[in-house]
Amino acid sequence: MILTVVQTDAGGATEVSLEAVTFARALAKRTLGPVHALVVGPLPDGLVDQLAGHGVVEVHHATGDAFSAYGGAVWAAAVQAVVAAADADAVVAPGTPRGLEVMAHLAARLDVPMAANVVGLGEDDGGDDGGALRVVRQVMGGAALEEMLLPRRPAVLTVAGHAVEAEQVPPVSATVTEFSPEVAEADLVTRVVSTEPAEPDLSGALTSARVVVGAGRGAGGAAGFGDVAELAELLGGALGVSRVVTSMGWRPHHEQIGQTGSRISPDLYIACGISGAIQHWAGCASSKTILAVNTDENAPMVTKATYAVIGDMHEVVPAINAEIRRRRG
Amino acid sequence: MTDVLVCIKRVPDVAGEVLLTPDAQAIDARFVGFTVSAHENCAVELAVRIAAATGGTATVLTLGPEAAVEQLRAALAVGCAAAVHIDADPLGFGPADVVREIAAVVETHAAEGRTHDLVLLGNDAADTGDFQVGVRLAYALGRPVVNGVRTVEVDGGVVTARGDGPDGVETFAVPLPAVVTVLEGGVEPRYPSVVGRMKAKKIPIETVAPRHEPRGAGRVRLTLPPAQPSTVEVLGSGPDAAPSVVDLLQRLGVTR
Ligand SMILES: Cc1cc2nc3c(=O)[nH]c(=O)nc-3n(C[C@H](O)[C@H](O)[C@H](O)COP(=O)(O)OP(=O)(O)OC[C@H]3O[C@@H](n4cnc5c(N)ncnc54)[C@H](O)[C@@H]3O)c2cc1C
Ligand SMILES: Nc1ncnc2c1ncn2[C@@H]1O[C@H](COP(=O)(O)O)[C@@H](O)[C@H]1O
């Protein structure tokens, strides 16, 4: 059995969770086992059908006071309970901060290795892997891939965001098993104490926009987004950013494009001052046309784009805005 | 008086093009510089601030080759008061192996009367990206762990840490002793002063050998993503390219 840890939001399972389920199905093909899912906390309406539509045959639903607030250790306790009761060959989670944290806890508790940010299964090259699972994962900040052997006792891994596309299958019928695992006092200590709600998540606008104007470190600071925001507005599009931008606190996280942000597939993506690291590319690769604006003609974003302008975004973007306004009269 | 231990790792700086060693086990070091990840630089900054705010001390630790002393000196130059060098090639060490060695140092120091109340690490190492040394260390030491936070404060016996969650900024509060992993972005790491650099040179580094045979990281080989031939059409340079850009926008039907 392959167990997938599923994260939910108002819309049901998150996209990266469905990607993880899809990866679990590929794994299940090799081990000939079924795919199960674990949901912790509230069970959104329609979630079970949604998971069944992605090939999940059993949903383990952890309930109880321990799960009233998120904590890496309490979630791991729930996963561990299912692993023990249902004898999982592998546990798969999305490569989100929470997915990574919960899997790290699980691996530590079970004293097994863990593979972070897996992008695929390794080819069997005829070598003796001693029954281990060969996975391919991102290392060196995405500059290289690593083939890694993962013993199955169980195999514990996270799937890098947007490395696989979530795919539906003809729906199976899924059963739901509720359980309330015992949680140790020590595990409760590290739960979230309070959350300051962020500004409303508008990434829906980002993921459905026909045009996305993106900006990265090249914006230079929190005050450097005026021109790109104006261009987005002129084109009726949305603003998107790289992780550097959200890490620095220049823009909110829901505007982030990439492996740990949103995946976009607009008709046009205008990427300004973004180098095009593999984790960013994971979120924008399915854009129909990409126009890169960058001072560096060798930046991956430029070499991978359809069109490019070489230059300073703070000069190029205002000139584009002015030209659009001039032609509109 | 918080005694903070902060763990850093010497990693290849892979901003440019990278090449692999012939055995495909590592990045070819002849063509790259070395650095410490931004997460760990922020962890060092937090360690120094917490030590200053509580009248305590910050100790920096690394498991790495002899050359990693360079990274320890850099942390000493910005205010760490002591340094521990576990002298080993980290290539053969999996996350669980690294943890056993760090835990051994923490336990030895505790037995000598130096308890590192707070251990800070980066959220993930820039080379192996395992995302787990902090959590495993917490289990090895029997301590609570908070992950991926941007700010960390100590008041009395409690660490308060904040970071981004899916629904907004989350606050954690755990009792000391504890382990916390840090994401970049919450604090601006300081630059070393000349005086700081001079002082750092004089601080003796505690060098220890690994105590356990490593079990390894399961690495079979590294591969580089295949180079894609570029088919980009350059529309121009600088603001003069604006008319061709707007022609394109019109052709794509995204503007009138
Ligand atoms: C596990 C993991 C997950 C990640 N997830 C994501 C993710 O979801 N999304 C994401 O974006 N990143 C992600 N990253 C980070 C990613 O590896 C890169 O660090 C990041 O995308 C770089 O952002 P950037 O392009 O803005 O900055 P940089 O890489 O610093 O690039 C800046 C670019 O701007 C150009 N530039 C500078 N000034 C100007 C100017 N004035 N005008 C025009 N061009 C200029 C430079 O030539 C350069 O190409 C992740 C990393 C890891 C390890
Ligand atoms: N060899 C090492 N020496 C010291 N600290 C390390 C070492 N490896 C990992 N760490 C710490 O553990 C964090 C997480 O690493 P990882 O789990 O390997 O991604 C890093 O950011 C460092 O703070």
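The values are calculated or read from the model by the stated rules, or taken from the named source; none is laboratory data. All of these numbers come straight from a predicted model, not from anything done at the bench. Virtual Cβ from ideal backbone geometry, glycine too; neighbours counted across all protein chains shown. Accessible surface areas use protein heavy atoms only, side chains included; no ligands, DNA or RNA. Shrake-Rupley method; radii C 1.70, N 1.55, O 1.52, S 1.80 Å.
Place the peptides B:47-60, A:102-115 in order of packing, highest mean first, counting for every residue the other Cβ atoms within 10 Å and averaging per peptide. Could the numbers behind the result be given before it?
Working: B:47-60: 20.9, A:102-115: 24.1.
The densest-packed peptide leads the list: A:102-115, B:47-60.
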Once Lys and Arg are counted +1 and Asp and Glu -1 for all other residues with Cβ under 14 Å from that of residue B:23, the total becomes -2
Only helices counted: for the protein assembly as shown, with every DSSP H run of 4 or more residues adding -39500 (n - 2.57) and the sum spread over all residues, [θ] at 222 nm is -9000 deg cm²/dmol
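Scan region B:64-164 for GluC sites (Glu not before Pro) in coil per DSSP, keeping those whose Cβ has at most 16 other Cβ atoms within 10 Å, and list them by number. Walk me through the intermediate numbers first.
On the way: sites: B:66, B:70, B:101, B:107, B:112, B:153; in loops: B:112.
For GluC sites (Glu not before Pro) across region B:64-164 that sit outside H, G, I, E and B with at most 16 neighbouring Cβ atoms in 10 Å, the list reads B:112.
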To the nearest 10 degrees, the tilt of helix A:15-31 (Cα long axis) against the first principal axis of the alpha carbons of chain A is 50
Computed about the Cα centre, the charge dipole of chain B from +1 Lys/Arg and -1 Asp/Glu charges at the Cβ has a magnitude in debye, to the nearest 20, of 340
The helix A:97-110 Cα axis meets the longest alpha-carbon principal axis of chain A at an angle in degrees, between 0 and 90 and rounded to 10, of 30
Percent relative contact order for chain A, counting Cα pairs under 8 Å at least six residues apart, stands at 15
The longest stretch of chain A containing none of the GluC sites (Glu not before Pro) that sit in a DSSP loop with at most 15 other Cβ atoms within 10 Å is A:1-122
Rounded to the nearest Å, the spacing of the alpha-carbon centers of region A:9-40 and region A:258-329 is 33
Taking R0 as 22 Å and r as the Cβ-Cβ distance between residue B:107 and residue B:25, the FRET efficiency 1/(1 + (r/R0)^6), rounded to the nearest 0.05, comes to 0.10
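Partner chain Cβ atoms within 10 Å, averaged over the residues of B:141-151 - can you pull that number for me?
Working: counts 0, 1, 3, 8, 8, 6, 9, 5, 0, 2, 0.
Other-chain Cβ atoms within 10 Å of each residue's Cβ, averaged: 4.
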Partner lysines whose C-alpha sits under 29 Å from that of residue A:288, ignoring same-chain residues fewer than 8 away, are A:304
In whole Hz, the Karplus estimates of ³J(HN,Hα) for region B:242-256 (6.51, -1.76, 1.60; θ = phi - 60°; x where Gly or Pro) are 3, x, 5, 5, 5, 4, 4, 4, 5, 4, 6, x, 9, 8, 6
Projected onto the charge dipole of region B:197-256 (unit charges on the beta-carbon of Lys, Arg, Asp and Glu, signs +1, +1, -1, -1), the Cα from B:212, B:231, B:244 with the largest positive-side position is that of B:212
Each label sits 7 Å from Cα toward the beta-carbon; between residue B:230 and residue B:153 the label points are separated, in nm, by 4.8
Here the FRET efficiency for residue A:285 versus residue A:152, based on Cβ atoms and R0 = 30 Å and rounded to 0.05, is 0.45
For residue B:221, other-chain or 5+-apart residues with amide H closer than 5 Å (H placed, Pro excluded) are A:147
With the 1.4 Å probe rolled over protein heavy atoms, chain A has an accessible area per residue in Å² of 38
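Within 10 Å of each Cβ in peptide B:80-92, how many partner chain Cβ atoms are there on average? Round it to a whole number, please. The partial results should precede the final answer.
Details: counts 0, 0, 0, 0, 0, 0, 0, 0, 0, 0, 0, 0, 0.
Counting other chains' Cβ atoms within 10 Å and averaging over B:80-92 gives 0.
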Place a point 7 Å from the Cα of residue A:210 in the direction of its beta carbon; the residues of region A:258-275 whose amide N falls under 12 Å from it are A:267-268
Listed by chain and number, the lysines with an alpha carbon less than 27 angstrom from that of residue B:199, same-chain partners under 8 positions apart left out, are B:9
If every Lys and Arg gets +1 and every Asp and Glu gets -1 at its Cβ, then about the Cα centre region B:98-184 yields a dipole, in debye to the nearest 20, of 240
Net charge (Lys, Arg +1; Asp, Glu -1) of residues whose beta-carbon lies under 12 Å from that of residue A:188, residue A:188 excluded, is -3
Scoring only Lys, Arg, Asp and Glu (+1, +1, -1, -1) among other residues with Cβ under 15 Å from the Cβ of residue A:25 yields -3
Each label sits 7 Å from Cα toward the beta-carbon; between residue B:190 and residue A:129 the label points are separated, in nm, by 5.0
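Nothing charged except the Cβ atoms of Lys and Arg (+1) and of Asp and Glu (-1): what's the magnitude of the dipole of region A:2-188 about its Cα centre? Round to the nearest 20 debye. Mind showing how you got there, number by number?
Numbers: 9 positive and 24 negative charges, 28 e Å.
Computed about the Cα centre, the dipole is about 140 debye.
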So, with points 7 Å from each Cα along the Cβ direction, the residue B:208-residue A:26 label distance in nm works out to 4.2
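What is the gain in length, in nm to one decimal, between residue A:179 and residue A:328 on full extension, counting 0.36 nm per residue of separation less the C-alpha to C-alpha distance?
Working: separation 149, 0.36 × 149 = 53.64 nm, distance 6.18 nm.
Stretched out fully, the residue A:179 to residue A:328 stretch lengthens by 47.5 nm.
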Mean other chain Cβ within 10 Å across B:182-191 is 2
Helix B:38-54: inclination vs chain B longest Cα principal axis, degrees, rounded to 10, gives 40
